[in-house]
1. Scan around C:Phe5 for amide H atoms under 5 Å from its own, H built in the peptide plane at 1.01 Å from N, and keep only partners 5 or more places away or cross-chain.
2. If you count the DSSP beta bridges with both ends in chain A, what percent of them are antiparallel, to the nearest 5?
3. Output the pairs from A:Lys48/A:Lys71; A:Lys45/A:Lys162; A:Lys71/C:Lys47; A:Lys48/B:Lys104 with a Cα-Cα distance over 30 Å in this structure; if there are none, say none.
4. Just add up the charged neighbours of C:Gln52: K/R +1, D/E -1, any other residue whose Cβ is under 9 Å from the Cβ of C:Gln52.
5. At a cut-off of 40 Å², which residues of region B:1-44 become less accessible once all protein chains are present than in their chain alone, using a 1.4 Å probe?
6. Determine the gain in length on full extension of the stretch C:Tyr91-C:Phe37; use 0.36 nm per residue of separation and subtract their C-alpha separation, reporting nm with one decimal.
7. Filter chain B for me: DSSP H helices, axial length by Cα at least 24 angstrom, mean Kyte-Doolittle hydropathy not below -0.5. List them by residue number.
8. Enter the accessible area per residue of the protein assembly as shown (Å², integer; probe 1.4 Å; all protein chains in place).
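The values are calculated or read from the model by the stated rules, or taken from the named source; none is laboratory data. What you see is a predicted model; the values in this text were computed from it and never measured. Positions of Cβ are backbone-derived with ideal geometry, glycine not excepted, and every protein chain shown enters the neighbour counts. When the accessible area is computed, the model is the full protein with side chains, heavy atoms only, and any ligands, DNA or RNA have been set aside. Shrake-Rupley method; radii C 1.70, N 1.55, O 1.52, S 1.80 Å.
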Amino acid sequence: MKALFIGGIKSGKSKNAEEYVLKHSKKKPFYLATTEFFDDEMSVKVKKHQTQRGDKFITIEESLQLSKVIKSQDSIILVECVSMWINNMLYHGFSEEDMINQIKELSSRHVDIVFVINDVGCCVVSDNALVRKFVDINGRISQLLASTCQEVYNTVAGINVKIK
Amino acid sequence: MKALFIGGIKSGKSKNAEEYVLKHSKKKPFYLATTEFFDDEMSVKVKKHQTQRGDKFITIEESLQLSKVIKSQDSIILVECVSMWINNMLYHGFSEEDMINQIKELSSRHVDIVFVINDVGCCVVSDNALVRKFVDINGRISQLLASTCQEVYNTVAGINVKIK
Amino acid sequence: MKALFIGGIKSGKSKNAEEYVLKHSKKKPFYLATTEFFDDEMSVKVKKHQTQRGDKFITIEESLQLSKVIKSQDSIILVECVSMWINNMLYHGFSEEDMINQIKELSSRHVDIVFVINDVGCCVVSDNALVRKFVDINGRISQLLASTCQEVYNTVAGINVKIK
């Protein structure tokens, strides 16, 4: 089983994805945190998320090689989040092809994964080339994930709209 | 009864919310205008809105203390819009807690309210700290409102998509 | 028949609109390309799109006077995309009224047209006056198109959500 939660900033996608995973997992699920700590604001945000999660998840931290840490498990793995991972991959010089290959490999494995990704494209095209690149890749990866997941939820104002 | 209309800039959410209120109100409804006149462009915009509304609504103007002006009424109150109110509250130094308390108080009252809020989160994270704060609060207030309203509409290209 | 595909950057709206047109057209459909080549990045992007399309469409290039090139045809015309056309019209000094008149004229013709437009409004209001103007017009044209089309699809992560 693979599912995707997509939504804007503070749309509730992460909270909803966590609830979905806790509801569907028979054993304690895994929380794959992709965030790198670039600054203090991000650290505060992540700490807050960790406190909210409590000990309901087993946390794995990996900001780049998702396919190395996602292995056959008998509980669900929540990837939180794919957009941050794209950001990290870009920052460390990986190509879009590297990212697509990882996602394809993950998609082909017999592992239950719930992906969370930001919807970042409902705005004008940025005048910053790196932002444009990020937005384009994020969109294409969203399409790829949605095409391989059995269930896709678009979260708006905390409400999951099932679109697949 | 409480309802929420959420949508992007010029999605038609306000027009649709007005039509909804006029259709469901037995007496002349109230229009709670939250806009502060920060500049001329905004004044022109508001004047245009007023002309469009004509005398179909009784207009109340309040940019901060919504809970003071929203009292037991036998007709519907349209709050236009919550995002502008969040902006005003931030500008005047109120905290997110102040905002959440007001929203919670409004939600608990036996008054028919239709809220309009902007969807501002489907883009990359801003490099401006105040914008980030606004976007985060706007998202959390959207979730809070959606959880307490009986009906939630996501307006896209003038079309109301009922998501709750 | 008229249909509208609306979605964010790299949401898959163009690809889906192309597939829709190819599926519904009895003869080789027309591809009305509205892009002007302002810079190299755009040229590369357009070349990529052309290669993807191959010879499945008859390409027409017109960046301003859509109503002059869209005439009675016995196959579908794909307008790709309306947002770019709005951008061109603004750049060349045309007014919103000019744009609305063209769209209304197109809508009234007995021609099968599939329109693609960007959803650019789910973000904070820009501090750039021209961007604000573009976003407002794009939103109003979206509403106008959606009101006259028989079918409207909101594309999210490559998935067509039929909203009308």
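1. Residues meeting the criterion, in which the H sits 1.01 Å from N, are C:Phe115, C:Val116, C:Ile117, C:Tyr153.
2. Of the beta bridges lying entirely in chain A, close to 15 percent run antiparallel.
3. Numbers: A:Lys48/A:Lys71 27 Å; A:Lys45/A:Lys162 28 Å; A:Lys71/C:Lys47 40 Å; A:Lys48/B:Lys104 22 Å.
Flagged as over cut-off: A:Lys71/C:Lys47.
4. Values: positive: C:Lys15, C:Lys48, C:Arg53; negative: C:Glu18.
Net of charged neighbours comes to +2.
5. Those are B:Ile9, B:Lys10, B:Glu41, which lose 40 Å² or more relative to the chain on its own.
6. On the way: separation 54, 0.36 × 54 = 19.44 nm, distance 1.26 nm.
So the extension gain works out to 18.2 nm.
7. Numbers: long enough: B:129-148 (29 Å, 0.46).
What comes out of the filter, once short or polar helices are dropped, is B:129-148.
8. So the protein assembly as shown comes to 46 Å² accessible per residue, rounded to a whole number.
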